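Only the coordinates and a few stated rules stand behind these numbers; no lab work does. This is a predicted model, so every value here is computed, not measured. Backbone-built Cβ (ideal geometry, glycine too); neighbour counts: all protein chains shown.
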Amino acid sequence: MSKKIDWENKDEVWQRIGANKSLIEEAPDHIRSDKKLLLKAIDVATKGGRILEHVDEALRADKNFMLAALKAGSDVLKWADESLKADKEFLIAAAKTKRKSNNVKGIMQDDTDDIVTEVLENTDNSVRADKDFWVAILKHGVKGSRYGGNIDFLFYAPENIIADREVVMAAVKRDESALNYASDKLKADKEIVMASVKHAGVSLSYADDSLQADREVVMTAVKNDEGGQTLKFASAELQSDKKVLMAALKSSFRSFYSIDAGQVTISESLKADKDVAKALEIAEWKVKVSEDPWRYEEKAPDHIKANEEVAIETVRERGGMLEHMDDAFKANKKVVMVAVNQSGHALEYADDALKSDKSIVTKALNENFGALQYADDSLKSDKKFILGFAEIDLYFVSDALKADKEVVMASARYGGNLKYASKALKADKEVVMANPDSLEYASKALKADKEVVWAALKESPGNLEYASKALKADKELVMANPFSLYYAADSLKADKEVVMAAVQKDGSSLKYADDLLKADKDIVLMALHTQYKSYGDTENVFKFVDKSLRRDADVKKARAGGEVTRNKEMVFEGEGGEYQLNIHTSTEAKEYMKDIESSNPLDYFDGGQGGNVSAFYGIELGELKTQFPKADVELIADNKNFASPIPPSKGKHIEELYVTKGEVYSEGFVVQIDAEEEFEEEKLTFQYSIACFAIAHHVNEIEIVHNVLYDGKEIDDFYFTDGGSEVTVSLVGYDKEDNQVVFYDSRYMDKVDWEKMSDLLDY
């Protein structure tokens, strides 16, 4: 169950809405009209524009707000007021908007293409028919390579626009697909088509047949062909034209794919031409080494290995293949430059003369600074050269530069550690303070310097490990950085004030406290409270609580995150006797139970009890808004994080477990537990199975109790078995005859000794 939101705490509100867009539906009116707050939420959300669906209507008609929202997040204009979608000036201004987005490497990339596409998708037809609008729009978007950006401009254009020569001419110069949407008349316009194929040769595919047979047009197209897909769109006659074919192969060896696949027809007489045959063979081998560079070494004939073009294509795919090439190529600057661009470490195999070539070495080091180890010694000692790189690894520079303060400082500023710096610089406070996270390598004196250690702890609490013994026992230092308790002196681990500060920040810090404090009720309650507040789950803390407190009523309440009350008791017959399912929940969980009890999701989907989840499709998470408008969806467990038990279904491990108003979802679908087959013996209904799984994560403990008729022994903790890579829920009982604890589960009928079980349950 999601933590209730404090609508008066604006910092919490925008962060929570940014993380969970559906929360805006519950927001009061003053939040739905708060421009500043909403823009912050949109900025941190994925497809943040979806927040706009539920904001104040006046905001969706506010030009300045909508432009700011567009800059902050995607998927914005679909929610704009219809008046804005028909406002030409607004839409042109929107297309000019700059938005940045992160790629997977953390490099900032221009998002202009996406914005222009968003504008075109949400423009009223009246504006789409306006020529001035298109002239303005075509000035925006990322040009990129000759293939341009990712905008299909004319896809959105009406007939009057695609027949407008001025607009189409501007479009084909920016967009490789624009010619596809042009009118038939303009597809036969040589000037238009020439402009298009100069931009992207492959656009020849959209040209009129007459121009696909025009030598000038086709020759221009194949010369501007990056992907090798152009030649197949030329007329049959021109496909067998030697000059056209040779130009195509020279522009892109990948034209060979079309030839090899029979998409391009070459006359037998042309194939027999000496120049053509050689060009085809080279192109074929370029294809082969681009697919598998090792073919160069293993299968290529000597005359192909001697070909520079093939060599370049080989190292373009795998720079390290330079090792297996003739010495002539290792000394060939053109080949080596391509090789080190793909892998800096290819510098190892370059001719010695090139290892001192600054342009070659620079290219190698920009790919991987570690390639410096293969460079000429003169460059390893060249201070000016080394300082030209942002990230400097001291391991590879000369000893002289390891002792050079300017070089070491430059390395430190960009996160380089001091492991390989000279002894003198490891003792230089200014150097160490440039990157205090390198405390591990600082001198003994600086490890005892409180200012230095303080700065190091701000970088990472774990740096206390490297501080002096005296500073590990410095109460002020540790109190200010309570996450570092693990490395603190034993005296501080036994100091209640210090430990209290630590568990207030991180409940799991209880693990490192002195044993006496693990039995201190104040400490334990605070640790459980912090952990529950942060994660909604206290088990990672509770397992470190002293045994003397585990049955304490207040501790049990803190473990549950609220007041503990008994909601349900369910008695059933099973193997070994009578069993009772006791479900203990907090006040918050009562409401959760109510939702579960009020409706069985299977009833909604005409499922009944039983069946197979793999054939039971239910509702996708994306459709929940329609089917369950007030649903609060939460992922409560997955196969990487067993924060709660994950139920089996038909013997299959459920990889993700979602909960919403009592329904359980797996990978976007309703999860069905096969109650009829797996739990028939115990008379445990599907409905209460879901209750167990849902409540176990959120609040308290699910107790599966054996009402013992033998030996007076009772099991009073919920337990689940670890079945290797899977986790399965188990009902626990006591087998009188064998004097053993039994796991009742359709797949795991394992038995363990009573003493072993007691230890597990008492952890």
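Just a few scattered comments:
- Among the listed pairs Lys355/Lys419; Lys271/Lys334; Lys35/Lys533; Lys232/Lys271, a Cα-Cα separation exceeding 21 Å is found for Lys355/Lys419; Lys271/Lys334; Lys35/Lys533.
- Charged side chains reduced to their Cβ positions (Lys and Arg at +1, Asp and Glu at -1) give the stretch 37-106 a dipole of some 560 debye around its Cα centre.
- Model label zone, Glu53; criterion: amide N under 14 Å from point 7 Å along Cα-to-beta-carbon; scope the stretch 61-99: 75-80
- If the chain linking Glu121 and Phe155 were pulled fully straight, counting 0.36 nm for each residue of separation and taking away their Cα-Cα distance, it would gain 11.3 nm.
- Counted by Cβ distance under 11 Å from Phe369, the other residues give a net charge of -3, where Lys and Arg count +1 and Asp and Glu count -1.
- With the simple model of a label 7 Å out from the Cα in the direction of the Cβ, Lys243 to Ala473 spans 9.1 nm.
- The stretch 35-84: trypsin sites (Lys or Arg not before Pro) in DSSP coil with no more than 15 other Cβ atoms inside 10 Å: Lys47
- Computed from the C-beta positions of Ser210 and Lys383 and an R0 of 51 Å, the FRET efficiency is 0.20 to the nearest 0.05.
- Of the trypsin sites (Lys or Arg not before Pro) in the stretch 394-442, the ones in a loop by DSSP (not H, G, I, E or B) with at most 15 other beta carbons within 10 Å are Lys419.
- Given Lys131/Lys173; Lys444/Lys475; Lys21/Lys85; Lys173/Lys358, the pairs whose alpha carbons are separated by over 28 Å: Lys173/Lys358
- Label-point separation, Glu406 to Asp554 (7 Å along Cα→Cβ), nm: 6.4
- Rounded to whole Hz, the Karplus (6.51, -1.76, 1.60) HN-Hα couplings of the stretch 176-190, x for glycine and proline: 5, 8, 4, 4, 4, 9, 5, 5, 4, 4, 6, 5, 9, 8, 4
- For the set Lys469/Lys496; Lys40/Lys505; Lys447/Lys511; Lys496/Lys543, the pairs lying more than 22 angstrom apart at their alpha carbons are Lys40/Lys505; Lys447/Lys511.
- Full extension of the chain segment joining Lys547 with Lys299 gains 82.3 nm, where the gain is 0.36 nm per residue of separation less the Cα-Cα distance.
- Taken along the Cα-to-beta-carbon direction at a fixed 7 Å, the label points for Lys358 and Lys198 span 3.8 nm.
- The chymotrypsin sites (Phe, Trp or Tyr not before Pro) of the stretch 355-399 meeting both criteria, a DSSP state outside H, G, I, E and B (loop) and at most 16 other C-beta atoms within 10 angstrom of the site's C-beta, are Phe389.
- Full extension of the chain between Asp326 and Ala427 yields a length gain of 31.5 nm, computed as 0.36 nm times the residue separation minus the alpha carbon distance.
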